[in-house]
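Below is one structure; the comments refer to it alone.
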Amino acid sequence: MSMIPSNFGRRSNVYDPFSRDMWDPMEGFTFGGSFPRFSDQIPPEAAAFAGATIDWKETPTVHVFKADLPGVRKEEVKVEVEDDRVLQISGERSREQEEHGDTWHRVERSSGKFMRRFRLPENAQVDQVRAAMENGVLTVTVPKEEVKKPHVKSIEISG
């Protein structure tokens, strides 16, 4: 008997919340009502939101946002700052055109619109935001205002 499970000819046991044909552990049980699966609660157009992974790092002088956007051209990405210090990164990854006669065996790359929003802190200089795209990585740099050190004046005590 093999100790390594075989998935040949069976469903995979890998959990994929976005898969519509995954194994349902509650299938066959009746609880007096229906419990929707997690994947059924996510509209297909929202699944692309999960693909826009973004890191936010703060240094002594700047806030740096890095977004992995493989296969997205810079013309397809929009970086905006709203009046109330909200940084918004949005765009759309186009789906590959199907050619007549093509047979797709697997489609795992996400496509569709994505949007991420971040509330910037008070010290962000929103009028000096810079963005650059290189090798599928979007880098947004937001400078910070210099912290003004309080001017302390010593007062001589008489008497």
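The values are calculated or read from the model by the stated rules, or taken from the named source; none is laboratory data. From a predicted model like this one, the values you see are computed outputs, not experimental measurements. Please note: Cβ atoms are built from the backbone with ideal geometry, for glycine as well, and neighbour counts cover all protein chains shown. The area values use the complete protein model at the heavy-atom level, side chains included, leaving out ligands, DNA and RNA. Shrake-Rupley method; radii C 1.70, N 1.55, O 1.52, S 1.80 Å.
What are the residues in region 79-94 that are under 18 Å from the mean Cα position of the chain (by Cα) and surrounded by fewer than 13 Cβ atoms within 10 Å (Cβ to Cβ), if any?
The answer is GLU80, SER94.
Find the residue count for region 112-127, including only residues that are open to solvent by less than 90 Å² (accessible area, probe 1.4 Å) and either among the polar types (S, T, N, Q) or part of a loop (DSSP other than H, G, I, E, B) (or both). Residues that pass the stated criteria total 4.
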